[in-house]
Amino acid sequence: MAENEKVEKVAAEKKADKAEKAKTKKPSVFSKIAAWFRGVRAELKKIVWTSPKVVRANTIMVLVVIVIFAVATGLVDAIFNQFIYVLGLLI
């Protein structure tokens, strides 16, 4: 009889362990979301942000390059347009 009690006790402990593992095995949706936000916050702390002065200088440089390419594209378009117009007059 003592052996049966020991076996039953061990079986009950195993069931309790399995139930406890099952509970801790799958985290809830809210804990997953909270972990995701903690991860995002940790990654944002690692970022080396540039100074506003550098950002402003880079922005101005990009805008100047865009204007230069827009003017160059417009000139090439005007030249081709005139070329096509002259070709139309010849035909």
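Each reported figure results from applying straightforward, stated rules to the coordinates on display, with no laboratory input. The model shown is predicted, which means the values in this text are computed figures rather than measured ones. Heads up, the Cβs are rebuilt from the backbone with ideal geometry, glycines too, and the neighbour counts pull from every protein chain shown.
Taking θ = phi - 60°, what integer Hz values does the Karplus form 6.51 cos²θ - 1.76 cosθ + 1.60 yield along segment 38-55, in sequence order, with x for Gly and Pro?
Taking θ as phi minus 60°, the curve returns 5, x, 4, 5, 5, 5, 5, 5, 7, 6, 9, 7, 7, 6, x, 5, 5, 4 Hz for segment 38-55.
Quickly work out the E43-to-V55 label distance, labels modelled 7 Å from Cα along the C-beta direction, and quote it in nm with one decimal.
Label at V55, label at E43, 1.9 nm between them.
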